[in-house]
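Colleague: Input: one structure, supplied below.
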Amino acid sequence: MLSLLGVPHRTFCDRQTRRNVLRIGALGLGAGAFNLADLLRVEAAAANGPSSSAAQPQKSVINIFLGGGPPHQDMFDLKPDAPKEIRGEFEPIATNVPGIEICEVFPQLAKRINKCALIRTVVGATDRHDGFQCMTGWLPTELQSIGGRPSLGSVVTKLQGPTDPAVPPFVGLAEKTKEIRWSDSGKPGFLGSAFQAFKPDGQGMADMQLHELTIDRLRDRRDLLACVDKLRRDVDASGMMKGMDAFGQRALDVLTSSKLLDALDLSKEDPAIVAKYGDGKPYNYQYDGAPTCNDHLLLARRLVEAGVRVVTLSFGRWDSHGQNFQLVRDHGGKLDQCLSALLEDLETRGLLEHTTVIVWGEFGRTPRINNNAGRDHWPQVSCALLAGGGIRGGQVLGATNRLGEFAKERPVHFQEIFATLYRNLGIASESTTLIDPTGRPQYLTQQPAIRELV
């Protein structure tokens with residue numbers, strides 16, 4: 001928690017002490033932690049630097065993680081001709097694209113499938129509850145000894161930086177969960193903590209609270225910094241402090257701008273839009289997982305509109321070893337409402353063409369229903385929905401066999417999906433590298449973007 005005023009020490013011309021001047025310049029993100037000024041300094045030192053320009057529209061990704069493993073055969077790959085112990089309780093419904101059917105719990109989404117691509121054959125998953133692959137495209141064991149592979153949001157922060165000094169490029173909205181792997185916003189991996197997600201419900205938001213100091217007083221920072229010019233000249237002939245001041249001013253820009261805080265404040269949104277998304281309450285079947293926060297999808301839209309490049313969130317707890325069909329009715333109905341509202345909202349605001357939305361989980365679920373009316377883990381195949389970002393919508397990729405056990409046609413690997421996300425962000429993942437701590441270049445993906453979509 002920041003405290004910008006402290007015990008009186010030697011004062012400067014605006015009655016601030018030297019200690020307070022240095023404290024304001026650093027804007028620490030918690031005792032012993034990497035501070036905001038450090039983060040901004042590392043961002044600017046990135047090899048490729050910020051790449052946004054007024055001539056090019058901002059490109060963004062909203063990554064909606066369905067933690068626990070959603071059942072593919074009860075969402076986007078129904079098997080109505082399979083035996084009852086396989087097909088389950090749901091019926092398929094037609095969509096606005098002839099020949100494409102999805103589960104009956106998604107009637108609103110069915111009206112917008114022309115904007116979406118359904119992938120029915122996602123492969124390459126591991127049998128573990130972990131959002132890692134849905135955040136990075138890599139196995140959790142990859143480069144583990146040097147910190148692991150960085151998430152897409154962290155990579156984008158490194159390569160593209162912020163679109164606005166007052167808005168972080170990468171925001172993680174996932175609520176804290178008892179099973180912490182289901183609230184993973186995407187780790188920075190070997191890139192280090194400077195490139196981690198900004199989390200509004202954590203210390204990051206606390207550090208945006210100005211305690212004992214008004215905005216007007218803080219906005220006088222340039223006058224305040226001018227008061228230490230003589231000190232700088234006397235103690236730092238190298239000019240290092242001048243450089244630190246520049247990054248400190250960028251950090252102050254985040255605090256003194258209302259742009260990010262406004263984006264996170266739903267009271268500033270049209271009540272009719274808020275109602276269209278819903279709030280996802282009551283939070284049923286949550287247990288140790290994420291709540292069904294419909295309003296997080298609205299926050300994601302507001303953040304993208306404010307300039308955030310990558311937003312991640314975790315929606316619901318889909319680990320349906322029991323009561324699978326009740327859970328899907330609850331979670332699926334809520335997801336239908338907020339996801340449909342998001343796609344419509346983005347399109348209405350002219351953002352959908354430049355914003356890629358992806359919805360998926362860590363693996364699929366067993367074709368055969370167990371004795372508890374549930375489905376168990378099935379890493380052999382799962383499903384995903386992609387929309388926006390310039391992809392070719394209105395199509396289905398891949399096909400599983402009659403029982404939904406494995407990919408019969410066109411398996412799509414996690415790596416291909418991430419290559420597509422990077423491409424939609426303007427990053428050529430197959431030719432772009434990051435230098436790891438050992439000095440070796442690491443490619444972002446090992447497979448190309450999905451040819452059917454780009």
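Values quoted throughout were computed directly from the atomic coordinates according to the rules given, and no laboratory measurement underlies them. Bear in mind that the values here come from a model prediction, so they are computed numbers and not experimental data. Note that we place each Cβ from the backbone using ideal geometry, even for glycine, and neighbour counts take in every protein chain shown.
Colleague: Find out how many positive minus negative residues lie around Gly389, taking Lys and Arg as positive, Asp and Glu as negative, among other residues whose Cβ is under 10 Å from that of Gly389.
Modeller: Details: positive: Lys59, Arg423; negative: Glu353.
Computed value for this residue: +1.
Colleague: Can you put Ser258, Ser320 in order of Cβ neighbours within 10 angstrom, beginning with the fewest?
Modeller: Ser258, Ser320
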